[in-house]
């Protein structure tokens, strides 16, 4: 694979973890030694969030439906054809099981990524405008590009200063359990070889290795494992945090790599 397109920096931004109740999840994560930062209510989707911001400025997003009753409506759906691209990407993740659901990369060249991907035949929607309002009334804005395949990440580009979306205060990034960063994200795919080709066409990432039936993509310090879904649902499914203790793993269900 070639390197990223010239002038188009790319980095890991955050991972999404769906939860049935945001309030309960915030208490559980705090009890497990995480510092949890209030997020707010999204515009464009019926969701709300909170952030576990890590040492390097990446984060784990705890995301829930604002109205839990909406989950029954989603389950009753027979088709997603009448749902916009935002809804198609995010809402099926709330059908269950809850947990790691998606991952996001950040760029300063979103439209160029989208245009290049479309020329290569990669089905992608956007860019779309999105935002949320924090509990303190501050409004955030960003743009998203959403591939139709859940085997590859979606992209985000900030419109308002990134510090509004990811607070930089040191006390927000220190966790009593020792958590420092996301070390590994595991993504289930229908076919590992085809998934690697999708990654190449979408993001042109280098540093790819094959190990037995799996493939690994390196993006800065983050490692991404692509593995055979074996008939299960495709998409991000597991997350490994570096540095956190066993209590964090027990309470949250996230895997811990204490290095």
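Descriptive notes on the structure:
- Scope region 150-163; condition closer than 18 Å to residue 216 by Cα and either in a helix (DSSP H, G or I) or touching a helix residue (DSSP H, G or I) at 6+ places or on another chain (Cβ under 6 Å) (or both); matching residues: 151, 152
- Residue pairs meeting the criteria (Cβ under 8 Å; at least 6 apart or on separate chains; first on the phi > 0 side of the Ramachandran plot and surrounded by 15 or more Cβ atoms within 10 Å (Cβ to Cβ), in region 78-94; second at pLDDT below 80 and assigned to a helix (DSSP H, G or I)): none
- Odd one out for residue 104, checked against (1) touching a helix residue (DSSP H, G or I) at 6+ places or on another chain (Cβ under 6 Å); (2) part of a strand (DSSP E or B); (3) under 17 Å from residue 236 (Cα atoms): (1)
- Reported count of residues in region 216-259, each being touching a helix residue (DSSP H, G or I) at 6+ places or on another chain (Cβ under 9 Å) and either assigned to a strand (DSSP E or B) or at pLDDT 80 or above (or both), is 12.
- Under the condition of being in contact (Cβ under 8 Å) with a residue 24 or more places away in the chain and either surrounded by fewer than 17 Cβ atoms within 10 Å (Cβ to Cβ) or over 16 Å from the mean Cα position of the chain (by Cα) (or both), the residues counted in region 163-183 number 13.
- Of the residues making up region 33-55, those that are farther than 22 Å from residue 12 by Cβ and in a loop (DSSP other than H, G, I, E, B) number 3.
- One residue alone among 64, 50, 15 is crowded, with 20+ Cβ neighbours inside 10 Å, without any contact (Cβ under 8 Å) to a residue 40 or more places away in the chain and under 16 Å from the mean Cα position of the chain (by Cα), and that residue is 50.
The values are calculated or read from the model by the stated rules, or taken from the named source; none is laboratory data. Bear in mind the structure is a predicted one, so any value in this text is a computation, not a measurement. Positions of Cβ are backbone-derived with ideal geometry, glycine not excepted, and every protein chain shown enters the neighbour counts.
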